[in-house]
Amino acid sequence: MISDSLPKLETSAKGRIWSFDFTICWSVALAYYIGYFMFLPTLPPHLVSIGLSNSEAGLVIGSFAITAAVTRPLIGVLCDRGLAKSVILAGLAMATVAAAGLNWARAVPFLVGLRLLQGGGMSAFTSANGMVVANVIPSSRRGEAMSYYFLPQGVGMAVAPLLGTLLLEGSGFGIVAYSAAAIMTCSVLLATRVSKAASRPAESGPPKTTLFCKSAVQPLIVGFSVYVAWGGLAAYLPIFVYDRQIGSPGTFFTIYAVVLFCSRFFAGRVSDRYGRSAGIYGGAGLMVAALLIIAFGGSMVALSIAAVLLGLGNGLVLPAFLALAVDKAPAEERGQAVSTVAMGTDTGTALGAMLLGPIVDAAGFVAMFIGAAAVVMAGLLVFFVLSKIEGDRVISNCRTCS
């Protein structure tokens, strides 16, 4: 049982979002994601440059998601036992060590080990940090707050890949790795300021030992289907663009990141005002449209339109299904709920390239993007059916949340 000597965290249905702990968690996330996304465009060419084959490089890159997905449930249990701050610090420390180590590792087993460590660190940090945020935000503004909370991810995605590329081309991968590690060290120092009160479950209750939060099944399905599509898109869009000679994949991802960043300022309010289903159906629908435009567009203009729709769609759907997971979970199970949903997004991202890749080989890129859109639509269909079966009022009206 969590010690009763800890100060009680006061939250209310109506209150401010930018509390001390929320601001600290937001700042920690910003530093982490800048360091994390510096590896997005730099690690693959580095692995090839040190002698790895394409398949070996793919193994190293993909191994990241294994520990990220597998460790989520256990991390959720630890967070619900009042250990969120310790988990945050441990996760950030793991990510920092792995970032620095990627520069000197050369053998595939060592590289895979570092990526597994990096994935475990990400799993620990994002789950625990998300649980703390869920504890300190007002319930009536949960969707809006979650949207603000994901702003650092958009900033990191917009800024860090360009920064990493400039460092790689100017000074080599070593500077990239050590710079990322230095930035992540700042996140560790900031995380020490998270309060003990924010790290404990919002309400006292018997500690749970289950590794899977049943109340999070619906948002898990949405997150999994959306991120299967994202995993395939991230893996094959650059190849598709170069193959068709229709522009630059960098331009696509820059537009996407900028729109995603801007959407964080308003998209979360949609699910607060109109219900979680509005954000989920609206956001996922925009993502389906974006995938179909990519499949049939065939020009940089079409890619740009698709990037805008994809950014808006992600901006709507992500805070909506994460807020729904928190809405539906008992207060003492919020850590498990966040971890369960994150496990779905991790698994979806990892499986996206593997599930959709054979479609590229067998039927081409157009069929793959159509398949990705179909996965999202299937996830929405399952979500709709489960919503009707359960009759969850919280999905259509978040004002019922406590």
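A Förster radius of 25 Å, combined with the Cβ-Cβ distance separating L59 from F296, puts the computed FRET efficiency at roughly 0.15. Return a single number: how many Lys pairs in the chain, at a sequence separation of 8 or more or on separate chains, have alpha-carbon atoms below 17 angstrom apart. Close lysine pairs found across the chain: 7. Each peptide in 116-123, 184-191 was scored by the mean count of other Cβ atoms within 10 Å over its residues; highest first, the order is 116-123, 184-191. Among P138, P161, L291, whose Cα lies farthest out toward the positive end of the dipole of the chain, if unit charges sit on the beta carbon of Lys, Arg (+1) and Asp, Glu (-1)? Most positive-ward Cα: P138.
Take the Cα radius of gyration of the range 212-402 and divide it by 2.2 N^0.38 Å, N being the number of residues; the result is 1.02. Using every pair of separate Cα atoms, the Kirkwood estimate puts the hydrodynamic radius of the range 55-96 at 11.6 angstrom. The separation of the range 56-96 from the range 277-302, counted between C-alpha centres, amounts to 31 Å. Could you compute the FRET efficiency for I389 and A234, with r as their C-beta to C-beta distance and R0 at 51 Å, rounded to 0.05? That pair, I389 with A234, gives E of 0.95. The helix-only estimate of mean residue ellipticity at 222 nm for the chain, built from DSSP H runs of length n ≥ 4 each weighted as -39500 (n - 2.57), is -26000 deg cm²/dmol after division by the residue total. The magnitude of the dipole of the chain, with charges of +1 and -1 set on the Cβ of Lys/Arg and Asp/Glu and taken from the Cα centre, is near 820 debye. Starting from the Kirkwood Rh over alpha-carbon pairs, what translational D in µm² s⁻¹ does the range 18-204 have by Stokes-Einstein at 37 °C and 0.692 mPa s? After rounding, the answer is 196 µm²/s.
A simple charge model with +1 on the Cβ of Lys and Arg, -1 on the Cβ of Asp and Glu and nothing else charged puts the dipole of the range 18-204 at about 360 debye relative to its Cα centre.
In a fully extended conformation the segment linking V382 and R269 would gain 38.2 nm over its present Cα-Cα distance, using 0.36 nm per residue. Packing, taken as the mean count of other beta carbons within 10 Å per residue, orders the peptides 273-285, 369-381 from highest to lowest as 273-285, 369-381.
For the pair Q245 and S27 in one chain, pulling the backbone fully straight at 0.36 nm per residue adds 74.6 nm over the alpha carbon distance.
A convex hull fitted around the alpha carbon atoms of the chain yields 124 Å³ per residue.
No value in this document is a laboratory result; all are computed from the given coordinates. Bear in mind the structure is a predicted one, so any value in this text is a computation, not a measurement. Note that each Cβ is placed from the backbone with ideal geometry, even for glycine, and that neighbours are counted across all protein chains shown.
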